[in-house]
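Let me begin by presenting the structure, written as structure tokens, before commenting on it.
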Amino acid sequence: MKTRHLIYVLLLFALVLASCAPKAAEEAAEAGEPEVCASDDIGCAKIPAGETIKLGMGAPMTGDYSMFGIDISNGAMLAVADQADVEGFAFELVAEDTQGSPEAGAAVANKFVSDPTFVAIPGHIFSGSTEAAIPIYDKAGLPMLSPSATNPPLTELGSAVFNRVAFTDDIQAGDSAEFLYNELGVTKLAVMHDGGTYGQGLADLTQEKFEELGGEVVAYEAVTVGETDYTAVLSSVAAKEPEAIYFGGYVAEGVVIVNQMAQSGLEGVIFFGCDGTFGKEFLEKTGANGEGAYAASLVPPDSPAKDAFDAAHMEAYGEAPGVLSPYTWSGYDAAKALMEQVAAVAVLGDDGALYVPRGALVKAVRTMSGVAGITGDITCTEVGECNTAGPALYIIQDGEWVSAK
């Protein structure tokens with residue numbers, strides 16, 4: 001009897017659920033929500049009439065690394081200006097300050113996901129900040145397309161939402177090591193880094209690839225972020241007699257190293273930086289000390305699209321793109337590609353609100369193929385590697401960054 005009674009209760013419960021499902025769907029339809037929202041794995045973002053479709057960018061907008069956040073967000077804002085409305089709804093880029101830190105990256109992500117009008121993230125900007133934010137966006141179903149987070153393991157975390165248009169550190173490290181060894185003839189290299197996810201990861205990869213080529217890494221040292229005197233560690237490096245220093249990190253620390261090399265016994269030793277040390281600020285703060293320094297950059301080849309963007313950037317901001325960082329163009333491409341996918345899946349509801357099915361958008365971003373960008377076609381692999389171009393290497397000559405090749 002107990003078994004029969006239990007079966008009866010379960011059947012009754014199933015009937016109740018079945019009767020409620022159409023009712024819930026009817027209520028949603030009556031509220032103006034499109035049917036696609038009920039069938040979407042994550043549900044829909046709802047943008048009420050009169051509001052904007054928001055893209056969120058977590059970036060260092062103040063502090064030592066602000067040139068990256070300002071530059072990349074400027075590029076993304078030009079993409080927003082170029083983008084057509086979707087069913088009468090305009091896009092808006094909201095850039096929140098992370099100062100490049102993981103803690104602030106997570107805080108910004110939590111802020112964005114609490115607002116249902118945020119639909120996608122053209123970021124974050126730094127790898128550590130990005131890694132901290134990924135689980136938050138994964139849970140909420142907001143697709144990411146980073147213009148600059150290059151740490152290789154980020155696409156190995158199993159995230160459904162993280163993608164990037166930037167080249168990876170693995171590619172950059174290989175190109176840099178090969179150039180040092182084969183083009184510059186360096187056989188004894190000192191490797192330095194700032195201890196961060198990006199900087200140390202890039203330094204480790206470069207060391208590995210340089211040694212694979214047959215080179216010798218004679219010193220491996222970390223510097224403390226924010227300090228203004230590295231003479232002690234540089235003197236220790238000088239004692240190992242390297243022919244070049246490879247540094248993984250950002251402009252602030254790279255500037256200190258370059259300006260203190262000569263007084264630390266490293267006069268005439270090559271400084272070889274990375275995409276984190278490329279930009280106008282490095283030129284300004286190293287002056288004559290920076291002559292002959294190297295860095296990597298993602299500057300796209302000339303094209304009508306690049307020419308148009310460059311002109312628009314100059315008109316809007318009074319300076320050429322690529323001056324503050326190498327990611328101006330990828331900032332534009334990341335935002336543009338995301339907005340195109342939003343436009344493809346968004347549906348206008350009977351209530352006048354715009355609905356963006358989150359699961360469909362996550363899938364659309366991950367499966368992008370042949371999407372035209374200034375930096376090249378954007379085609380994503382199954383883990384979110386969407387870059388089709390690698391880094392270019394630059395050298396400072398007469399106070400300007402010029403192609404090293």
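Bear in mind that the values in this text are calculations on the coordinates, not laboratory data. A quick note: this is a predicted structure, and the numbers were derived from the prediction, not measured. For neighbour counting, all protein chains shown are included, and Cβ atoms are generated from backbone atoms with ideal geometry for every residue, glycine included.
Partners of Lys188 within straight-line reach, counting lysines whose Cα lies under 23 Å from its Cα and excluding those fewer than 8 residues away in the same chain: Lys209, Lys240, Lys405. Rounded to whole numbers, the Karplus 3J(HN,Hα) couplings from phi for region 148-155 are 8, 7, 9, 4, x, x, 4, 8 Hz, using 6.51 cos²θ - 1.76 cosθ + 1.60 with θ = phi - 60°, and x at Gly and Pro. With 0.36 nm allotted per residue and the present C-alpha distance subtracted, the Thr62-Ala308 stretch has 85.7 nm of extension available.
If R0 equals 51 Å, the separation of the Cβ atoms of Ala316 and Thr381 corresponds to a calculated FRET efficiency of about 0.95.
Near Gly276: Cβ cut-off under 11 Å, other residues only, Lys/Arg at +1 and Asp/Glu at -1. The net charge is -4. Taking 0.36 nm per residue of separation and subtracting the Cα-Cα distance, full extension of the segment from Ala344 to Ala38 would add 108.4 nm. Apply the a/c threshold of 1.5 to the C-alpha gyration tensor of region 169-295 and tell me whether it is rounded, prolate or oblate. Rounded, since a/c falls under 1.5.
The relative contact order of region 169-295, computed from alpha carbon pairs under 8 Å that lie at least 6 residues apart in sequence, is 24 percent.
Which of the three applies to region 195-241, rounded, prolate or oblate, going by the alpha-carbon gyration tensor with a ≥ b ≥ c and a/c under 1.5 meaning rounded? In terms of gyration-tensor shape, oblate. Residue-wise HN-Hα couplings along region 285-302, as the Karplus relation 6.51 cos²θ - 1.76 cosθ + 1.60 with θ = phi - 60° gives them from phi, are 8, 9, x, 5, 5, x, 4, x, 6, 10, 7, 9, 7, 10, 9, x, x, 4 Hz; Gly and Pro carry x. Using a Gaussian network model of the chain in which every pair of alpha carbons under 10 angstrom is joined by a spring, one finds that among Ala190, Ala120, Ala288 the greatest mean-square fluctuation is at Ala288.
Straight-distance candidates among the aspartates and glutamates for linking to Lys139, with alpha-carbon spacing under 18 Å and chain neighbours fewer than 8 residues away dropped: Asp40, Asp41, Glu103, Asp115, Glu131, Glu156. Shown here: Cα extents along the principal axes in Å, derived from the displayed model; of the candidates (1) 108, 50, 37; (2) 87, 60, 34; (3) 74, 57, 57, it corresponds to (2). Computed on the chain, with alpha-carbon pairs under 8 angstrom and 6+ residues apart, the relative contact order is 20 percent.
About its Cα centre, the chain has a charge dipole of approximately 1260 debye under the convention of +1 per Lys or Arg Cβ and -1 per Asp or Glu Cβ, with nothing else charged.
Straight-distance candidates among the aspartates and glutamates for linking to Lys280, with alpha-carbon spacing under 19 Å and chain neighbours fewer than 8 residues away dropped: Asp64, Asp71, Glu253, Glu291, Asp310, Glu315, Glu319, Asp398, Glu400. Dividing the summed -39500 (n - 2.57) terms of all DSSP H runs of n ≥ 4 by the residue count of the chain sets its mean residue ellipticity at 222 nm at -13500 deg cm²/dmol. For region 277-329, the dipole from Cβ point charges (+1 on Lys and Arg, -1 on Asp and Glu) about the Cα centre works out to 160 debye, to the nearest 20. Taking amide H positions as modeled 1.01 Å from N, with prolines and chain starts lacking one, the residues under 5 Å from Glu221 and 5 or more places away or on another chain are Val191, Met192, His193. Counting only alpha carbon atoms, the long axis of helix 328-345 and the longest principal axis of the chain meet at about 10°. For region 252-266, 3J(HN,Hα) computed residue by residue from phi via the Karplus equation (6.51, -1.76, 1.60; θ = phi - 60°) reads 3, 6, x, 5, 4, 4, 4, 6, 10, 5, 4, 6, 9, x, 10 Hz, glycine and proline entered as x. Report relative contact order for region 158-208 in percent, whole number only (criteria: Cα-Cα under 8 Å, sequence separation at least 6). The normalised contact order for region 158-208 reaches 45 percent.
Helix 127-140 and the long axis of the chain differ in direction by around 0°, with both axes built from C-alpha atoms.
Mind scanning Lys111/Lys306; Lys54/Lys363; Lys46/Lys111 and naming the pairs with a C-alpha gap bigger than 26 Å? In this structure, Lys111/Lys306 exceed 26 Å between Cα atoms.
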